[in-house]
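These notes are about the structure you will find just below.
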Amino acid sequence: MQSGVHREIRQIREYLKAEFAGPVDMTDVGGLTAATEQQFLSRALAALVVRRLLGCDKKRAADCVVDGSNDLGIDAIAVSESGLDIWLIQSKWSDVGKDAFNVAEVLKFREGVNALDHKRFDRFNPKVRRHADQLNAAWGQFGCRITLVVATVGTGALTHDVTVRFEEMKRDYNGLEESLTYESWGRARIWETAKEFQRPPTATILAELSEWIHVPGPFEAFQGRIPVANVAAWYAEYKDLLFEQNIRKSLGLTKVNQGLVETLTTHPDDFWYFNNGITVLCRTAERTGGSYSAKLPIRLELADASIVNGAQTVAAIDAAMQKDPNATSEAFVTIKIVTTKNCPDDFGDAVTEATNTQNQVIPRDFVALDRIQWEIRQDFVDTLRLQYTFKRGEDDPAEAEGCSVLQAALALACAHTNSDLAVRAKQNRDRLWEKDDKGAYTMIFRPRPSAAQIWRSVLVVRAVKDALKHARGRVEDKAAAIADYGDLLITHLVFRQLDTDDIDEPDVDWDAVVSRAAELTAPTLDWLIHHVDAAFGEESFASATFTNPARCRILVPLVLESIANGGKAPDLPRSYVPPPRDYRAPRRRNAVPTLVDAGVIADGETLYFQFSSSREAKALSPWLVGHPERSRARWVNHRTRPLIWEFDGKQYSPTGLVSKIWENAGWTSHPVAVQGPDRWAPADRGTLWELAKAIQDQDGEALF
């Protein structure tokens, strides 16, 4: 081995020991000793990679290390602030610089990815289970990217056999989007990363502006256009150090950023018109070349520079450059440069705050410009005496009083005969608002659906959602993941089994249709589980299946044909069925203390009352309709009485408030008992019971 390689490995070792001895947990192997040093170095190597990926401090990076028994090949887990980037890291230390990563290691990696995809956290050690909430929230969501990272102090080159296995995993997981990928970090990248963290935390960048203006005072500033390739070069060198003074780092490739990437790679000339640009604070901006004439470019050296607005634009530029550098390089972005050399101490903070308090416009907002939505709202009032909201920022009506345009769009997408619409909605809710000839919005809102069609479709969706919640309780492992990820396809399949020809007829008994939808949900789930495994294998990735239109087109006729032929779905594999509950087990925490301890609901957040049945809806609707405050409560983090009822301003437990509503509505034939946490839900987040159960599931606890 060359002496330079020896030296780099030695320097990396000393850096890892200096930085991570202490932060990296070694208690499971008896502490950091001579006998455990190799294991420590492997864990510290993983922590260094995490620190680089997240731009975090060494303590948080060390907390992401999960190496140990039952880690299923995963040594560290890192989730970005946005939740849209997940990195699963496997690290291998070698004193002599071997890559030490073989086919057995990549197969173990795949086993771990499968277990995460199937939500089998019971297979993992407690260190992995600590990340369950983060992973469950992100995994399978549109825009979520999973990167498998191999880190060694060898060359970083992967053998042909290992590469083949990784490529197989990509093919099995990815649908239309490349949601899963892999990369290898070798000694050179590891050493460069270690050196980077030892540099002073400042960035000095070069900017070449065209069509620029100069503001000499009172605080010197420049504004102009800059090639996005220039910005990409900054990010390649400094990464998140560019955002040190920003209120947040890059959130990764969010839904909005996906649109920026699309513009950069397909219409780069339009990007300057569509984007608000970036703002850079720097200590000084010195001319290093170019012209003093605003008609010609000028080159500036920006000392101690920080991008205080536009972190997401930079993230999109970086992603677009990786996707298509030739097209992206043709684009420009607006830049404003403000120097702080002669400014008051708090001026930089004021600029940062002002440039980050702009309201974001999203695709749904443009729905408010469509006359059809105004007509639907009036139809709801005239024919149903119900509310329909379509402007973002409006409170959603209580369930008994109407629905929002999002609820309507989801219901109409699931009810459509084309399963692709349900898949698009699962991929990304923003795809519901696409207005081209084959866009979802065009297909479901033109010609205009009646209020009765929308409302009755929404009632079916709600019935399937409630029935699916109960059906999910009798399965686990991959079957539970299919119930979660496949909810919209299941709803589509239920619609396909219903007789909806008379959906607009006022005299049709729609309660019977809704009840039928609830009855069909469990057998539809059973057949879907069977056909997912039969068509794609028990080791297939559940989350990727239901965002893949081609796979869903295969599944829909298979499930419908099986149901039409009658009979019960084949028995589920034993691993899919939870063991019988031991009713002698000690009682666990109930839902409210679980939520309060986890802090998942903010003080003041609005919760909405949920009907448990059509019978209850009929009994309570006359008292609730027209008085939205009767169906709403504000959350306070109180362990026994977390709900402040908007109707009287008093504080209740979830169960107590349901009973109070029954009493005020004069419902004398109500059930003797009620599960209150199952009746209250924040907007689009599941009921209190569902939120608490998700928290408890990772620890194997039961909710009462």
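The values are calculated or read from the model by the stated rules, or taken from the named source; none is laboratory data. No experiment lies behind these values; they were computed from the predicted model shown. Positions of Cβ are generated from backbone atoms using ideal geometry, with glycine treated the same way; all protein chains shown enter the neighbour counts. Side chains are part of the model used for accessible areas, which takes the heavy atoms of the whole protein and leaves out ligands, DNA and RNA. Shrake-Rupley method; radii C 1.70, N 1.55, O 1.52, S 1.80 Å.
For residues in the range 663-689 being under 15 Å from residue 466 (Cα atoms) and open to solvent by 50 Å² or more (accessible area, probe 1.4 Å), which is farthest from the chain's Cα centre (by Cα)?
Selected residue: 675.
I'm checking my understanding of the structure. Among residues of the range 66-95 that are part of a strand (DSSP E or B) and of a type in the set (Val, Ile, Thr), which one is farthest from residue 136 (Cα to Cα)?
89
Name the single residue, out of those in the range 623-639 being under 31 Å from the mean Cα position of the chain (by Cα) and part of a loop (DSSP other than H, G, I, E, B), that is nearest to residue 674 (Cα to Cα).
639
Would you check if there is a residue in the range 23-30 being touching a residue at least 12 places away in the same chain (Cβ under 8 Å), in a loop (DSSP other than H, G, I, E, B) and closer than 18 Å to residue 194 by Cβ?
For the range 23-30, residues touching a residue at least 12 places away in the same chain (Cβ under 8 Å), in a loop (DSSP other than H, G, I, E, B) and closer than 18 Å to residue 194 by Cβ: present.
Taking residue 449 and the conditions (1) surrounded by 18 or more Cβ atoms within 10 Å (Cβ to Cβ); (2) more than 28 Å from residue 114 (Cα to Cα); (3) in contact with a helix residue (DSSP H, G or I) (Cβ under 6 Å, 6 or more places away or on another chain); (4) not hydroxyl-bearing (Ser, Thr, Tyr), which numbered condition does it fall short on, given that it satisfies the others?
(3)
Could you give every pair whose Cβ atoms fall below 8 Å, whose first residue belongs to the range 168-197 and is assigned to a strand (DSSP E or B) and of a type outside the set (Val, Ile, Thr), and whose second residue is surrounded by fewer than 17 Cβ atoms within 10 Å (Cβ to Cβ) and at pLDDT 85 or above, counting only separations of at least 6 or pairs across chains?
The qualifying pairs are 180/147; 180/170; 182/147; 182/170; 183/147; 184/157.
Out of curiosity, is residue 490 at pLDDT 95 or above, buried (at least 24 other Cβ atoms within 10 Å of the Cβ) and either in contact with a Cys (Cβ under 9 Å, 6 or more places away or on another chain) or within 30 Å of residue 509 (Cβ to Cβ) (or both)?
It is true that residue 490 is at pLDDT 95 or above, buried (at least 24 other Cβ atoms within 10 Å of the Cβ) and either in contact with a Cys (Cβ under 9 Å, 6 or more places away or on another chain) or within 30 Å of residue 509 (Cβ to Cβ) (or both).
Of everything in the range 144-167 that's of a type in the set (Gly, Ala, Ser) and in contact with a Gly (Cβ under 8 Å, 6 or more places away or on another chain), which residue is farthest from residue 425 (Cα to Cα)? Before you say what the answer is, go through the steps one by one.
First, pick out the residues of the range 144-167 that are of a type in the set (Gly, Ala, Ser): 151, 154, 156-157.
Now drop any that are not in contact with a Gly (Cβ under 8 Å, 6 or more places away or on another chain), which leaves 154, 156-157.
Details: 154: 44, 156: 39, 157: 39 Å.
It comes out as 154.
Would it be correct to say that residue 360 is modelled with pLDDT under 95, open to solvent by 60 Å² or more (accessible area, probe 1.4 Å) and either in contact with a helix residue (DSSP H, G or I) (Cβ under 8 Å, 6 or more places away or on another chain) or in a helix (DSSP H, G or I) (or both)?
Here the answer is yes, as residue 360 does meet what is asked.
Only residues that are surrounded by fewer than 21 Cβ atoms within 10 Å (Cβ to Cβ) and part of a helix (DSSP H, G or I): list them for the range 269-310, please.
Hits for the range 269-310 are 269, 270, 272, 273, 274.
Which residue, of 231, 215, is closer than 30 Å to residue 294 by Cα, within 31 Å of the chain's Cα centre (by Cα) and either touching a residue at least 12 places away in the same chain (Cβ under 8 Å) or surrounded by fewer than 16 Cβ atoms within 10 Å (Cβ to Cβ) (or both)?
231
With a cut-off of at least 1 residues that are open to solvent by 20 Å² or more (accessible area, probe 1.4 Å), name the helices (runs of 4 or more DSSP H) lying wholly within the range 510-587.
Details: elements: 510-536, 542-545, 549-564.
Ranges flagged: 510-536, 549-564.
Please enumerate the residues belonging to the range 509-535 that are within 14 Å of residue 464 (Cβ to Cβ) and without any contact (Cβ under 8 Å) to a residue 60 or more places away in the chain.
513, 516, 517, 518, 519, 520, 521, 522, 523, 524, 525, 528
Which of the residues spanning the range 96-155 are assigned to a helix (DSSP H, G or I), open to solvent by 40 Å² or more (accessible area, probe 1.4 Å), of a type in the set (S, T, N, Q) and touching a residue at least 60 places away in the same chain (Cβ under 8 Å)?
Selection gives 136 alone.
In the range 312-342, what count of residues is obtained for those that are part of a helix (DSSP H, G or I) and open to solvent by 50 Å² or more (accessible area, probe 1.4 Å)?
So the answer is 4.
For the range 375-397, what are the residues that are over 20 Å from residue 681 (Cα atoms), modelled with pLDDT of 95 or more and among the aromatic types (Phe, Trp, Tyr)?
380
Assess whether residue 655 counts as being of a type in the set (Ser, Thr, Tyr), over 30 Å from residue 510 (Cα atoms) and either open to solvent by 70 Å² or more (accessible area, probe 1.4 Å) or assigned to a helix (DSSP H, G or I) (or both).
no
Do any residues in the range 414-429 that are free of Cβ contacts under 8 Å to residues at least 12 places away in the same chain and part of a helix (DSSP H, G or I) have Cβ atoms under 9 Å from those of residues that are open to solvent by less than 40 Å² (accessible area, probe 1.4 Å) and hydrophobic (A, V, I, L, M, F, W, C), where the two are at least six apart or on different chains, and which pairs are they?
From residues that are free of Cβ contacts under 8 Å to residues at least 12 places away in the same chain and part of a helix (DSSP H, G or I), there are no pairs.
Go through the range 605-622 and count every residue that is touching a Lys or Arg at 6+ places or on another chain (Cβ under 7 Å) and either modelled with pLDDT under 85 or part of a helix (DSSP H, G or I) (or both).
Residues meeting the conditions: 1.
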